[in-house]
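Undergrad: This structure is in structure tokens; I'll ask about it shortly.
The values are calculated or read from the model by the stated rules, or taken from the named source; none is laboratory data. This is a predicted model, so every value here is computed, not measured. Cβ coordinates were reconstructed from backbone atoms using ideal geometry, including for glycine residues, and neighbour counts include every protein chain displayed. Only protein heavy atoms, including side chains, enter the accessible area calculation; ligands, DNA and RNA are left aside. Shrake-Rupley method; radii C 1.70, N 1.55, O 1.52, S 1.80 Å.
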Amino acid sequence: MSTTATDPADPAAQAAQAEQADPTVRHVDHLVIGAGFAGLCAAIKLQEDGEHDFVVIEKGDDVGGTWRDNTYPGAACDVPSQLYSFSFAPNPDWTSSFSPQPEIQAYLRRVARESGTLDRFRFGTRVEDATWDDATARWTVQTSAGTWSAGSLVVGAGGLSEPKLPDIEGIGDFCGHLFHSARWDHDVDLAGKRVAVIGTGASAIQIVPEVQRVAARLDVYQRTAPWVIPRNDRRYSALERAALRRMPGLQRAYRTAVYWARETYVPAFTLEPGIAYPARKLAEANIARGISDPDLRERVTPHFALGCKRVLISNAYYPALAAGNVDLVTDRIARVTPTSVVTADGTEREVDVIIVATGFHTTELPITEHLVGRRGRTLAERWRESGMAAYKGTTVPEFPNLFLLVGPNTGLGHSSMVFMIESQVQYVRQALRTMRLNRYAALEPREDVAARWNDRLQQRMKRTVWHRGGCSSWYLDEHGRNTTLWPRTTFGFRAALREFDAAAYAVRGEPAPLPTGTIPPTPQQTEDVPA
Ligand code: NAP
């Protein structure tokens, strides 16, 4: 077999040579992992830029990501839908201000269908590992349905995709039904059953009121009480929806208003937690309105600053806890037996069903165990040494041509992740355009630049409520570093990622002179709220 060297800056020649070497490998310019909001956004924008040679690998059987997986009763978004949607695909048909999961899933399906990209999606396919090959300057991606070779890898695998099960003695021996909130077992009829819900986070507080309505008895196991403010949900009238449909400008104005209203939370989270005093009063009033028993009120009142953990929204949670068929259990769970949950005080509660609403692997993302970079180590190994960190939440030294969507420090406690995803995808488009124009085979952020970016970020983090608020949360890693959230405004994030800063990168492949007059236009961010 010929091993003639090819120009490393010419991806087509590289691909052709590799194809000759192994015809079972399929070659694409770009491979996207995940078909949730992030992967779908990347696919749509790649296509828009004329980057037609890409594939989207998705382990599930549909688009939607977290909105496909979280089908528990009561699942809804706690960011208003007018903002929690793509800026380039407004939806005038949301039925209420906080959309339920089925509507969001239907929206994503429609956007995917109408984008004309669905033929590039490979559903039911799991990425087993992805390895950077320095010789060809390409990623080799082993999947459950064969091998791909890709010039760039865009990872939209999501930070909330791998359920985290609690490490409780005996839980594996439980003989009744047990499932995680993100893997709801719809075959289990909860009517008349004795049910335990473990956890009181964003998922649990939506599940509890639904289960309380049908279960014979419900035990809610609370480790830490969350702050819960009222949910100002409202159904849109037919007239309002017709107006939004006919007047796109009205919908944009609505989105802008929601955006700025949400952005006003930022100072309380990132500068001075005391600013959240009015929200704390709202949360206390929410408790008082929902619960009359002083002992129960006391037990659901958090002892940390509002915002330190995710602020939850619900009108139904506290009344459900106060219902006659519900017990809030605040004693630590000691063990689970085949038929019951036993707490540290020795109380045993018999149950038929255990619902585990204990969150996700957020600071040790499972996909990173499968990404092998230039030095032969996985991204997980790098991050175990240095902590989870990326440059601008998107690129990582040592991992050329890798783009993480919803990467480290891109999460939000107050606004729409779709806004962050669109900002990142804009950055990726600019990076790919830079590579194409300059015939770069590979680029990766410089270690010194990435380190400076993260040092500044962590410096800023010290002032935030997530560090000063007196709680432990999934935002922090085992060393107490907040590697998940963005500690500034979302428009600050967008500004930082608006242009691709090539000087921050080490590149491979000689820049070729550009023929004048043929430079494609800069991909523009869809006109959105802060523009
Ligand atoms: P979560 O916020 O991580 O909450 C997990 C809950 O389980 C916490 O109450 C936690 O207690 C408890 N827990 C964990 N391990 C436990 C153990 N071993 N024993 C007892 N309790 C245990 O998870 P989530 O509710 O699934 O939400 C995750 C994220 O998903 C949210 O922060 C949000 O970003 C997103 N989400 C959004 C929505 C929405 O938009 N409406 C809905 C659901 C989820 P501690 O607090 O003591 O750790």
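Undergrad: Answer with yes or no whether P294 is within 16 Å of the ligand (Cβ to nearest atom), modelled with pLDDT of 95 or more and either more than 20 Å from S96 (Cβ to Cβ) or open to solvent by 40 Å² or more (accessible area, probe 1.4 Å) (or both).
TA: no
Undergrad: Is it the case that P209 is part of a helix (DSSP H, G or I), in contact (Cβ under 8 Å) with a residue 40 or more places away in the chain and in contact with a helix residue (DSSP H, G or I) (Cβ under 6 Å, 6 or more places away or on another chain)?
TA: Judged against the criteria, P209 is a match.
Undergrad: Something else about it: Suppose we filter A243, A182, A238, A215 for residues that are within 16 Å of the ligand (Cβ to nearest atom) and not β-branched (V, I, T); which single one remains?
TA: A182
Undergrad: Can you name the number of the only condition in (1) within 14 Å of the ligand (Cβ to nearest atom); (2) open to solvent by less than 50 Å² (accessible area, probe 1.4 Å) that V127 fails?
TA: It is condition (1) that V127 fails.
Undergrad: Can you go through V195, V188, V258 and tell me which one is assigned to a loop (DSSP other than H, G, I, E, B) and away from the ligand (no atom under 12 Å from the Cβ)?
TA: Working: V195 fails: assigned to a loop (DSSP other than H, G, I, E, B); V258 fails: assigned to a loop (DSSP other than H, G, I, E, B).
The unique qualifying residue is V188.
Undergrad: Just checking, which of A135, A106, A150 is at pLDDT 95 or above, among the aliphatic types (A, V, I, L, M) and open to solvent by 50 Å² or more (accessible area, probe 1.4 Å)?
TA: After ruling out the rest, the residue left standing is A106.
Undergrad: I would also like to ask the following. Test V336 against the criterion of being β-branched (V, I, T), more than 29 Å from E272 (Cα to Cα) and in contact with a Lys or Arg (Cβ under 8 Å, 6 or more places away or on another chain), and give yes or no. Walk me through how you get there before you give the answer.
TA: Working: β-branched (V, I, T): yes; more than 29 Å from E272 (Cα to Cα): yes; in contact with a Lys or Arg (Cβ under 8 Å, 6 or more places away or on another chain): no.
For V336, the condition - β-branched (V, I, T), more than 29 Å from E272 (Cα to Cα) and in contact with a Lys or Arg (Cβ under 8 Å, 6 or more places away or on another chain) - is not met.
Undergrad: When segment 387-419 is examined, which residues are found to be assigned to a strand (DSSP E or B) and more than 21 Å from W67 (Cα to Cα)?
TA: Correct list: Y391, T395, V396, F399, L402, F403.
Undergrad: Six or more apart or on different chains, Cβ under 9 Å: which pairs go from a residue in segment 47-76 that's under 24 Å from S96 (Cα atoms) and open to solvent by 40 Å² or more (accessible area, probe 1.4 Å) to one that's within 16 Å of the ligand (Cβ to nearest atom) and assigned to a strand (DSSP E or B)? Could you list them?
TA: If the second residue must be within 16 Å of the ligand (Cβ to nearest atom) and assigned to a strand (DSSP E or B), the pairs left are T66/F360.
Undergrad: So, in segment 212-254, exactly how many residues are in a strand (DSSP E or B) and either within 23 Å of A288 (Cα to Cα) or open to solvent by less than 60 Å² (accessible area, probe 1.4 Å) (or both)?
TA: Looking only at that region, the number is 6.
Undergrad: Please work out if D327 is of a type in the set (D, E), at pLDDT 95 or above, part of a loop (DSSP other than H, G, I, E, B) and within 30 Å of R194 (Cα to Cα).
TA: Judged against the criteria, D327 is not a match.
Undergrad: Look at S99 and say whether it is within 13 Å of the ligand (Cβ to nearest atom) and more than 17 Å from W184 (Cβ to Cβ). Spell out how you get there, then give the answer.
TA: Values: within 13 Å of the ligand (Cβ to nearest atom): yes; more than 17 Å from W184 (Cβ to Cβ): yes.
The answer is yes for S99.
Undergrad: For R280, indicate whether it is within 16 Å of the ligand (Cβ to nearest atom) and basic (K, R).
TA: Answer is no for this residue.
Undergrad: Mind checking whether some residue in segment 71-79 is away from the ligand (no atom under 16 Å from the Cβ) and assigned to a loop (DSSP other than H, G, I, E, B)?
TA: Within segment 71-79 (the criterion being away from the ligand (no atom under 16 Å from the Cβ) and assigned to a loop (DSSP other than H, G, I, E, B)), the answer is no, since none of the residues qualifies.
Undergrad: It is to be established whether one or more residues within segment 131-141 are part of a loop (DSSP other than H, G, I, E, B), more than 16 Å from the ligand (Cβ to nearest atom) and small (G, A, S). Working first, answer last.
TA: The initial filter retains those residues of segment 131-141 that are part of a loop (DSSP other than H, G, I, E, B), namely 134-137.
Filter once more, so that each one left must be more than 16 Å from the ligand (Cβ to nearest atom): 134-137.
Then drop every residue that is not small (G, A, S), which leaves 135, 137.
Scanning segment 131-141 turns up at least one residue that is part of a loop (DSSP other than H, G, I, E, B), more than 16 Å from the ligand (Cβ to nearest atom) and small (G, A, S).
Undergrad: Quick check: is even one residue across segment 94-101 loosely packed, with under 15 Cβ neighbours inside 10 Å, in contact (Cβ under 8 Å) with a residue 12 or more places away in the chain and within 30 Å of I313 (Cβ to Cβ)? I'd like the intermediate steps shown before the answer.
TA: Of all residues in segment 94-101, those loosely packed, with under 15 Cβ neighbours inside 10 Å come to 95-96.
Narrowing further to those that are in contact (Cβ under 8 Å) with a residue 12 or more places away in the chain: 95-96.
Narrowing further to those that are within 30 Å of I313 (Cβ to Cβ): 95-96.
Yes: one or more hits.
Undergrad: Which residue is nearest to the ligand (Cβ to nearest atom), if the candidates are limited to segment 153-179 and must be modelled with pLDDT of 95 or more and under 26 Å from G34 (Cα atoms)?
TA: Per the criteria, the residue is F179.
Undergrad: Got a number for residues in segment 297-328 being within 15 Å of the ligand (Cβ to nearest atom) and open to solvent by less than 40 Å² (accessible area, probe 1.4 Å)?
TA: 15
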